[in-house]
Amino acid sequence: MTRWPLPAPMARALNEARTAAKAGEVPIGAVVVKGDVVIAAAHNSPRTDNDPTAHAEIAAIRAAAKALGQERLEGCDLWVTLEPCAMCAGAISHARIARLYFAAPDPKGGAINHGAKVFEHPQCLHRPQVYWGMGENEAAALLKAFFLDRR
């Protein structure tokens, strides 16, 4: 079986997740890209920042909006290592992200393919294209190792 190389944005998101793990945070990373240009990259930091909203996706969206000088990230893609939660899915919708790529599904807390399925609600005003699975094994291994280490 041929193993294809990870797209550069997902490889970068996985590096962000590793940085989070080293800081004692749940290893999730996110990258916002416009065309071939990385606009922002971030990782989970709720414990470090004492901020329950400091998820990788939120941090990357905030940094990208600031870098671009606008609240809407139309034409931007978000690459993240784990299926976003409902809070992050709402932010993705409000930011008008064009495409969402996530590595590993999250049956417990995810809100794209699982749980709330935020983008399927009629109240959701913007629905990005969603792709998943690229980097799934790597992202899942990072999460598994992180939580095994804490048991």
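Observations
- Here residue 22 is the anchor, and the lysines within straight C-alpha reach of less than 25 Å, apart from those fewer than 8 places off in the same chain, are 108, 144.
- Per residue accessible area of the chain, 1.4 Å probe, in Å²: 54 Å²
- Sequence-separation-based contact order of the stretch 84-143, relative, with Cα cut under 8 Å and 6+ spacing, percent: 42 percent
- The slack in the chain from residue 98 to residue 6, taken as 0.36 nm per residue of separation less the alpha-carbon distance, amounts to 31.1 nm.
- What the phi angles of the stretch 27-33 give under the Karplus curve with 6.51, -1.76 and 1.60, with θ = phi - 60°, is a coupling list of x, 10, x, 9, 9, 9, 10 Hz, glycine and proline written as x.
- Largest to smallest principal axis extent of the C-alpha atoms in the chain, angstrom: 43, 40, 31
- Taken along the Cα-to-beta-carbon direction at a fixed 7 Å, the label points for residue 114 and residue 145 span 2.1 nm.
- Gain upon complete extension [residue 51, residue 127; 0.36 nm per residue less C-alpha separation]: 24.7 nm
- Each peptide in 132-138, 45-51 gets a packing score, the mean of other Cβ atoms within 10 Å over its residues, and the list from highest to lowest is 132-138, 45-51.
- Take every pair of alpha-carbon atoms less than 8 Å apart whose residues are at least six positions apart; their mean separation over the length of the chain yields a relative contact order of 20 percent.
- Whether the stretch 71-151 is rounded, prolate or oblate, judged on the alpha carbon gyration tensor where a/c under 1.5 counts as rounded: prolate
The values are calculated or read from the model by the stated rules, or taken from the named source; none is laboratory data. These numbers come from a predicted model, not from an experiment. Positions of Cβ are backbone-derived with ideal geometry, glycine not excepted, and every protein chain shown enters the neighbour counts. When the accessible area is computed, the model is the full protein with side chains, heavy atoms only, and any ligands, DNA or RNA have been set aside. Shrake-Rupley method; radii C 1.70, N 1.55, O 1.52, S 1.80 Å.
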